[in-house]
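Below is one structure; the comments refer to it alone.
The values are calculated or read from the model by the stated rules, or taken from the named source; none is laboratory data. All values derive from a computational prediction rather than experimental measurement. Counting neighbours? That spans all protein chains shown, and the Cβs are built from the backbone with ideal geometry, glycine included. Surface areas here come from the heavy atoms of the whole protein model, side chains and all, with no ligands, DNA or RNA. Shrake-Rupley method; radii C 1.70, N 1.55, O 1.52, S 1.80 Å.
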Amino acid sequence: MMKEENLTLRLKQYFGFDSFKGDQEAIVRNLMNGNDAFVLMPTGGGKSLCYQLPSLLMEGTAIVISPLIALMKNQVDVVNGLTEESGVAHFLNSSLNKQAITQVVEDVHSGKTKLLYVAPESLNKSDNLDFFQSFKISFYAIDEAHCISEWGHDFRPEYRNIRPTIDTIASSRKEKRAPIIALTATATDKVRSDIKKSLGIVDARDFKSSFNRPNLYYEVRPKVSEEDADSQIIRFLKRHEDKSGIIYCLSRKKVEELSQKLQINGFKAAPYHAGLDTEVRTQTQDDFLREDIDIIVATIAFGMGIDKPDVRFVIHYDIPKSLEGYYQETGRAGRDGGEGRCIAFYSPKDLKKLEKFTDNKGEAEKEIGRQLLEETKAYAETSVCRRKFLLHYFGEEYLQKNCGSCDNCKHQHKHKDAEEALSVVLKAIKAVKEDFDQPYIIDFVRGRATDNIVRHGHDELSEFGNGKEINEQCPTIWNPVIRQAMLSHYIYKDVENYGFLKLTPKGRNFIKTPQPFSVVLDKQFDELEDCVGGSAGALDDRLYKLLKALRKDVARKHNLPPYVIFQDISITLMATNYPVSMDELLQIQGIGLGKAKKFGAEFIALIKRYCEENDIERTDMTRVISLPNKSQKKLKIIELLDKRLPLDEIANSQGCTFGELLDEIESIVNSGMKVDVSYYIDNDEIIDPDEVADIYEYFRNSESADIDEAIDEVDIYDDEDGLTAEEKAQLVFIKFMSEEGN
């Protein structure tokens, strides 16, 4: 074992640091003494150094098991740069040709290579066993160790076979197994336990750093629509020009589309996903590190272990599948201690898409996925301090009431007395023997006799329905009460046991002696009134109400339903972005030139007056350039409509069904553009003129634009060998909106 001062000298020699950070030195010494270790250290904390330094100092070659080829290349380049000698670090994976593999083998056998990165698949491959048994292994480093656990956010089955392979290697060499160090940036207690058990290192020393990253700012914005999310991102980037950032999307298609949109709006951006060639991904990663590219639009496959300290923002276009994944990805921002903005877009619809991904999985995996999504949903919708919420999830207490660096702390919400509601919840958990999860408890206190509750006979309990009166006054109170009761340690969730809610001693005492307790209600993302986001921050509720009142007056004046004047989404975005000119109004979703000229002046005047009276500091509404491929298709449809071609011919020419064409035309009309479909509808062989008149009049007098409601109210029927009831109603709706609204 080296002397302490020599170890510090070697740190300076190889890494240029004068001293270790946090637990780094203790971790290095523990490993060099031949002991196993579990290291939980947030992104940017210096995990790599914990195995890179001892590998350079110990006899033999260290095996680093890593999940991504891109990560391996980056790490190998870093280590070889530390020693200014190639071959000190290598990686062994499927990307290498025979010549490259031969070079790796020669360098390892010569003793030159101190660090060998391998994928778990490569380690476990039987063809490679002879090679791994042919040289001395100093230790095994399991990087991104959360991949071992089904409760982790990136489960890889091959990680489960690591320990058996390690035992096989040790057995063949007739020597003691080399020490194992498992490292991850994110792990709940459940995941940590799972990792240690799978690797056979249950007695390993734990090194756990704080999860708190004080320099990171957390914010969740509603994804009202993809167009609005794109615009918000572009405006955000305009205000943070020349800064490095990562934007995560769930689908490759969105990655390609958004990166292209950013490029045509003048940003140095590139896509990154598994569908691209390895050479392209490698080049993109290198360009990002060299600052030839400012923005990477990527699937979650990007960023693991990337040594770029000055990433200034991480944006999640889609809400992630788990808080572990979210936390790790946001941790790539501000690794140098400087500014790091973490913005996530959230829509309940996106959550439903994620739920569908688990449909074809086994029941156990589906249940794990459901619980992880519930935690993500709770984080997105909560109104409490996001930092407090995240740290609590990872088992760490945040004692400050206000972190001052998340959207919820910057925009404080009113507290609501919830002492009685908490008492009802705690008694309910006790009544059902602490054997049920959060949705069950909420149904129980509301008095909902679901099949599950009846089957267990819990509808017969005296506590059943004790929250009915509270529920009538505030039906959205229960999730916040339960979540915030967890933060206050009245309740805990047993993740090992289906997420059942359990009482803590503090919770049992509360039942006997209630104490004052208040909550802030969750944001209701299904309701536009509670939208947050946009270039100016949160929706201005006062302005929103004023704009809705003005819309009602204008609608009455024109004898039209309010939605014809401006749709709800347009009113919401006006109350978020404060447009004060005709040009800015035209950038609001759902407003075209005709609609703006027809109705816009009064709204612009109201917003301008409101901003002046309330000293509103507006940000410029930068014009966003749309992708040409989508707009070109719409322009082609408008051109063909102007030529008065039959709609079925237009559908055929555009390679779509008649219904898909109507959806495209309705989308054009809803964007505020005027189109003429009268030439088609006025042919009485298509739709009976009386039926057209009845449907048209229905939409004029209805508060709803719902097609199904129109079909029921007007008694519209399918024509034999002609249009369906839905197609007729949609056609007349298009005619009505175009003529009256645009």
Please specify each residue of the stretch 636-647 satisfying the condition of being in a helix (DSSP H, G or I) and loosely packed, with under 13 Cβ neighbours inside 10 Å.
E639, D642
Does T330 fit the bill of being surrounded by 19 or more Cβ atoms within 10 Å (Cβ to Cβ), within 18 Å of V495 (Cα to Cα) and not basic (K, R)?
no
Select from the stretch 109-126 the residues that are open to solvent by 60 Å² or more (accessible area, probe 1.4 Å) and of a type in the set (G, A, S) and list them in ascending order.
S110, S126
From the list D277, D292, pick out the single residue that is loosely packed, with under 15 Cβ neighbours inside 10 Å and either within 30 Å of L399 (Cβ to Cβ) or modelled with pLDDT of 90 or more (or both).
D292
Here is a check on your reading of the model: is I264 open to solvent by 10 Å² or more (accessible area, probe 1.4 Å), closer than 30 Å to S667 by Cα and touching a Leu at 6+ places or on another chain (Cβ under 8 Å)?
yes
Does the stretch 657-666 include one or more residues that are modelled with pLDDT of 85 or more and assigned to a loop (DSSP other than H, G, I, E, B)?
yes
So the check is Cβ under 6 Å with 6+ separation or different chains; which pairs have a first residue in the stretch 639-653 that's on the phi > 0 side of the Ramachandran plot and a second one that's open to solvent by less than 80 Å² (accessible area, probe 1.4 Å)?
R644/Y679
For the stretch 596-646, which residues satisfy the criterion of being at pLDDT 75 or above and either within 21 Å of N265 (Cα to Cα) or of a type in the set (V, I, T) (or both)?
I604, I607, I616, K633, K634, L635, I637, I638
Within the stretch 383-405, the residues that are under 22 Å from D494 (Cα atoms) and either among the acidic types (D, E) or open to solvent by 50 Å² or more (accessible area, probe 1.4 Å) (or both) are H392, G395, E396, E397
Do we have S198 as under 30 Å from N35 (Cβ atoms), hydroxyl-bearing (S, T, Y), in contact (Cβ under 8 Å) with a residue 40 or more places away in the chain and not in a loop (DSSP other than H, G, I, E, B) here?
yes
Subset of the stretch 224-237 [over 25 Å from Q285 (Cβ atoms) and in a helix (DSSP H, G or I)]
E226, E227, D228, A229, S231, Q232, R235
If you scan the stretch 80-110, which residues turn out to be over 41 Å from the mean Cα position of the chain (by Cα) and of a type outside the set (D, E, K, R)?
Q99, T102, Q103, V105, V108, H109, S110
Just for the stretch 488-520: of the residues that are open to solvent by less than 20 Å² (accessible area, probe 1.4 Å) and not in a loop (DSSP other than H, G, I, E, B), which one is nearest to E381 (Cα to Cα)?
V519
Could you tell me which of the residues K174, K208 is touching a Phe, Trp or Tyr at 6+ places or on another chain (Cβ under 9 Å) and open to solvent by 60 Å² or more (accessible area, probe 1.4 Å)?
K208
Anything in the stretch 432-456 that is open to solvent by 30 Å² or more (accessible area, probe 1.4 Å) and of a type in the set (G, A, S)? List them, or say none.
A449
Determine if the stretch 127-139 includes at least one residue that is open to solvent by 40 Å² or more (accessible area, probe 1.4 Å), under 22 Å from G325 (Cβ atoms) and either within 39 Å of the chain's Cα centre (by Cα) or hydroxyl-bearing (S, T, Y) (or both).
no
Filter the stretch 695-722 down to residues that are more than 38 Å from the chain's Cα centre (by Cα), surrounded by fewer than 18 Cβ atoms within 10 Å (Cβ to Cβ) and not in a helix (DSSP H, G or I), then give me how many there are.
7
Please work out which residue is most open to solvent (accessible area, probe 1.4 Å), limiting yourself to the stretch 406-431 and to residues that are among the hydrophobic types (A, V, I, L, M, F, W, C) and in contact (Cβ under 8 Å) with a residue 40 or more places away in the chain.
V424
Can you tell me which of K261, K254 is in a helix (DSSP H, G or I), more than 26 Å from T376 (Cα to Cα), within 22 Å of the chain's Cα centre (by Cα) and of a type outside the set (A, V, I, L, M, F, W, C)?
K261
